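Peer 1: Take a look at this one; I'll ask things after.
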Amino acid sequence: MKIGLIGLGKMGFNMRERLRRHDIEVVGYDPRPEVTDVTSLAALAEALPAPRIVWVMVPSGPVTRETVTELADVLSEGDLVIDGGNSRFTDDAVHGKMLSEKGIGYLDAGVSGGVWGLDNGYGLMVGGAAGDVERAMPIFDALRPEGERADGFVHAGPVGAGHYAKMVHNGIEYGLMHAYAEGYELLAAEDLIEDVTGVVRAWTKGTVVRSWLLDLLVKALEEDPAFSEISGYTQDSGEGRWTVEEAIRHSVPAPVISAALFARFASRQQDSPAMKAVSALRNQFGGHAVQRAPNTETTGA
């Protein structure tokens, strides 16, 4: 089997290698000449036997939209495009319709596994027609973890279902990460706890809070016990926001995921205006002490 793979970043590069390890021939395209196999999307199409399968693994938003639009021009009837990036599920219907007008199939694949997927495999959530899913199954089987297919792969529904499932997955991830982070901070604040890393590591086997995320927290603590090498500034990929928006649309209470998302926003404020207002109000109604900002001079007696 031979496929095209567009986007050879951290995940795409490793996915190409994992597919090759499973005897799937991969022609990769990336704007960076040091990693690409061909020089253009047109050259990628020419290098693949018809009917073609092309996996897109580029950043969500404009880059994905531009890539799919260009593929619609260089591919042919009977070909299949798989978007494995973190696209918003609402984009999938647009992409699917555009390609179907030219007789090209479309699948959306939510992919989880990060940089560890090369060796561990990737969790896959796929949306699209059953025939297209079956056609691409050798690719999915190569990428997913070893063992029973259902433990690492699901055909979640029609076009859009794969990215919707991945969006919710990432929303849950936000909440889990923040719960672990709060627990870490509480342990670090208590003088009774002399081995914070050891406590967290002791949770990794047998306890109800064990998980791969917890394993990764232990790894991070062992590498930098006080997290002195990094700042607390935390980006969000967009999927946490989309999850909260969907919770609102469906009237589903999601306080944990919402709080985790807003905590990321707070991490970007060196000196939070909101918390300044809280401090000022506490001083106004209760006479509570206010900590002055650095380099602020006071005047008067």
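Peer 1: Condition (residue is out of contact with any helix residue (DSSP H, G or I) (no Cβ under 9 Å at 6 or more places or on another chain), part of a helix (DSSP H, G or I) and small (G, A, S)) applied to segment 77-97: is it met by at least one residue?
Peer 2: Scanning segment 77-97, I find at least one residue that is out of contact with any helix residue (DSSP H, G or I) (no Cβ under 9 Å at 6 or more places or on another chain), part of a helix (DSSP H, G or I) and small (G, A, S), so the answer is yes.
Peer 1: Just to check your reading of the model, which residue among D79, D92, D108 is closer than 30 Å to D151 by Cα, surrounded by 22 or more Cβ atoms within 10 Å (Cβ to Cβ), acidic (D, E) and more than 22 Å from the chain's Cα centre (by Cα)? Can you show your working first?
Peer 2: Values: D92 fails: more than 22 Å from the chain's Cα centre (by Cα); D108 fails: more than 22 Å from the chain's Cα centre (by Cα).
Going through D79, D92, D108 in turn, the sole match is D79.
Peer 1: Looking at segment 253-270, which of its residues are open to solvent by 80 Å² or more (accessible area, probe 1.4 Å) and either of a type in the set (S, T, N, Q) or over 12 Å from G175 (Cβ atoms) (or both)?
Peer 2: P253, Q269, Q270, listed by residue number.
Peer 1: So which residues in segment 2-16 are open to solvent by 70 Å² or more (accessible area, probe 1.4 Å) and modelled with pLDDT of 95 or more, if there are any at all?
Peer 2: Keep residues of segment 2-16 that are open to solvent by 70 Å² or more (accessible area, probe 1.4 Å), which gives 10, 13.
Once the filter is applied, which keeps residues that are open to solvent by 70 Å² or more (accessible area, probe 1.4 Å) and modelled with pLDDT of 95 or more, segment 2-16 yields only F13.
Peer 1: Are any residues in segment 184-222 of a type in the set (V, I, T) and open to solvent by 80 Å² or more (accessible area, probe 1.4 Å), and if so, which ones? Steps first, please.
Peer 2: Going through segment 184-222, the residues of a type in the set (V, I, T) turn out to be 193, 196-197, 199-200, 204, 207-209, 218.
Correct list: V208 only.
Peer 1: Given (1) over 19 Å from V154 (Cα atoms); (2) in contact with a strand residue (DSSP E or B) (Cβ under 8 Å, 6 or more places away or on another chain), where does R65 come up short, assuming only one miss?
Peer 2: (2) is the only condition that R65 fails.
Peer 1: For A72, indicate whether it is touching a residue at least 12 places away in the same chain (Cβ under 8 Å) and open to solvent by 30 Å² or more (accessible area, probe 1.4 Å).
Peer 2: no
Peer 1: Within the bounds of segment 20-28, is there any residue that is in a helix (DSSP H, G or I) and open to solvent by 10 Å² or more (accessible area, probe 1.4 Å)?
Peer 2: Residues of segment 20-28 in a helix (DSSP H, G or I): 20-21.
Keeping just the survivors that are open to solvent by 10 Å² or more (accessible area, probe 1.4 Å) gives 20-21.
Yes, because at least one residue in segment 20-28 is in a helix (DSSP H, G or I) and open to solvent by 10 Å² or more (accessible area, probe 1.4 Å).
Peer 1: While we're here: Considering only residues that are part of a helix (DSSP H, G or I) and open to solvent by less than 30 Å² (accessible area, probe 1.4 Å), which ones fall in segment 46-69?
Peer 2: Step one: filter segment 46-69 for residues part of a helix (DSSP H, G or I), giving 46-47, 62-69.
Passing the criteria: T64, T67, V68.
Peer 1: Hey, any hits in segment 230-238 for a residue that's under 18 Å from the mean Cα position of the chain (by Cα), surrounded by 11 or more Cβ atoms within 10 Å (Cβ to Cβ), β-branched (V, I, T) and not in a helix (DSSP H, G or I)? Walk me through it before giving the result.
Peer 2: Within segment 230-238, the subset under 18 Å from the mean Cα position of the chain (by Cα) is 233-238.
Among the residues that remain, those that are also surrounded by 11 or more Cβ atoms within 10 Å (Cβ to Cβ) are: 234, 236-238.
Applying the additional criterion that residues be β-branched (V, I, T) yields 234.
With the extra rule that they be not in a helix (DSSP H, G or I), the set shrinks to 234.
Yes, there is a match, as at least one residue in segment 230-238 is under 18 Å from the mean Cα position of the chain (by Cα), surrounded by 11 or more Cβ atoms within 10 Å (Cβ to Cβ), β-branched (V, I, T) and not in a helix (DSSP H, G or I).
Peer 1: Right, here's the next one. When residues of segment 178-235 are filtered for being in contact with a Phe, Trp or Tyr (Cβ under 8 Å, 6 or more places away or on another chain), closer than 21 Å to A259 by Cα and without any contact (Cβ under 8 Å) to a residue 40 or more places away in the chain, how many remain?
Peer 2: Of the residues in segment 178-235, the ones in contact with a Phe, Trp or Tyr (Cβ under 8 Å, 6 or more places away or on another chain) are 196, 200, 209-210, 213-214, 217, 220-221.
Narrowing further to those that are closer than 21 Å to A259 by Cα: 209, 213-214, 217.
Now drop any that are not without any contact (Cβ under 8 Å) to a residue 40 or more places away in the chain, which leaves 209, 214, 217.
Matching residues across segment 178-235 total 3.
The values are calculated or read from the model by the stated rules, or taken from the named source; none is laboratory data. Predicted model, so just to flag it, every value in this text is computed and none were measured. So basically every Cβ, Gly included, is an ideal-geometry build from the backbone, and we count neighbours across all protein chains shown. SASA here: full protein model, heavy atoms, side chains in, ligands and nucleic acids out. Shrake-Rupley method; radii C 1.70, N 1.55, O 1.52, S 1.80 Å.
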